[in-house]
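Notes follow the structure.
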Amino acid sequence: MGAKPTREEALTLLHDYNGSDSLRKHAYAVEAVMRHIAQKRGEDEDMWGVVGLVHDLDYEKYPQFHCTKTREILTERGWPEDYIRAVVSHGWGLCSDVEPETPLEKTLYAIDELTGLVTACALVRPSKSVLDMNVQSVKKKWKSPAFAAGVNRAVVEKGAAMLGMGLDELIGDTIEGMRNIAEEIGLKGN
């Protein structure tokens, strides 16, 4: 097994494979939520954050090989198998047959799509900010399938159930994590 990858290594990889501002901001949001939840649960914040940062590493250049190409890229670079497995598991049932088993894997699976919904909710607010957002405003939009239609709500619900968490708590944690980097992800508002 390789040495623990650093945030700097993960960030370099992310930028090498993803030029899109929106994909980078999504990765930063997922990283921030993963770090927030890891800290709350007493888990390895750096590992959770690094996994969140590179979870969509192959998405821009190899969308048809999502998760598969990431496994190759990280393996070639000597990343530890537990990091690789965690990244690949977020595509379970969609583009990967690796079922999330650990708390890290289940959390990534649950919040990946949810960060997209929270972002969309923030952008339609008068403030254009995640800083003044609450769980209820996200839940209201959740019920409208036409809103942020690309967000797979079934995955979020399945992930929350796997974690033994209510949807409200998961949404709250996602908002909190994203607040920590609101400016970097363009959701600080006006």
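What follows is calculated from the coordinates using simple rules that are stated; it is not laboratory data. Note that the coordinates shown come from a computational prediction; the quantities given were computed from them, not determined experimentally. We place every Cβ from the backbone using ideal geometry, glycine too, and count neighbours over all the protein chains shown.
Some observations on this one:
- 15 Å Cα-Cα reach of LYS69 towards aspartates and glutamates, excluding residues that sit fewer than 8 places from it in its own chain: ASP16, ASP56, ASP58, GLU60, GLU81, ASP97
- Ordering TRP79, TRP142 by the number of other Cβ atoms within 10 Å of each residue's own Cβ, fewest first, gives TRP142, TRP79.
- Alpha-carbon centroid distance for the pair the stretch 98-123 / the stretch 26-66, whole angstrom: 9
- Computed about the Cα centre, the dipole magnitude for the stretch 105-182 is approximately 360 debye when only Lys and Arg (+1) and Asp and Glu (-1) carry charge, each at its Cβ.
- Cα gyration tensor category, rounded, prolate or oblate, for the chain with a/c compared to 1.5: prolate
- A simple count of charges around ALA3, restricted to other residues whose Cβ falls under 12 Å of its Cβ and scoring Lys, Arg +1 and Asp, Glu -1, yields +1.
- Candidates LEU57, LEU131, LEU114: whichever shows maximal mean-square fluctuation once the chain is modelled as a Gaussian network with Cα springs under 10 Å: LEU131
- Of the DSSP H helices in the chain, those whose Cα atoms cover at least 20 Å axially and whose Kyte score averages 1.6 or more: none
- Among 8-19, 177-188, the order from most to least packed when residues are scored by Cβ within 10 Å on average: 177-188, 8-19
- As a proxy for reagent exposure, HIS26, HIS55, HIS90 were ordered by neighbouring Cβ count within 10 angstrom, fewest first; the result is HIS26, HIS55, HIS90.
- Tensor-based shape of the stretch 110-190 (alpha-carbon gyration tensor, a/c under 1.5 rounded, otherwise prolate or oblate): prolate
- Listed by chain and number, the lysines whose C-alpha is less than 24 Å from the C-alpha of LYS158, apart from same-chain residues fewer than 8 away, are LYS40, LYS106, LYS139, LYS140, LYS141, LYS143.
- Residue exposure proxy: VAL156, VAL54, ordered by other Cβ atoms within 10 angstrom of their Cβ from fewest to most, comes out as VAL156, VAL54.
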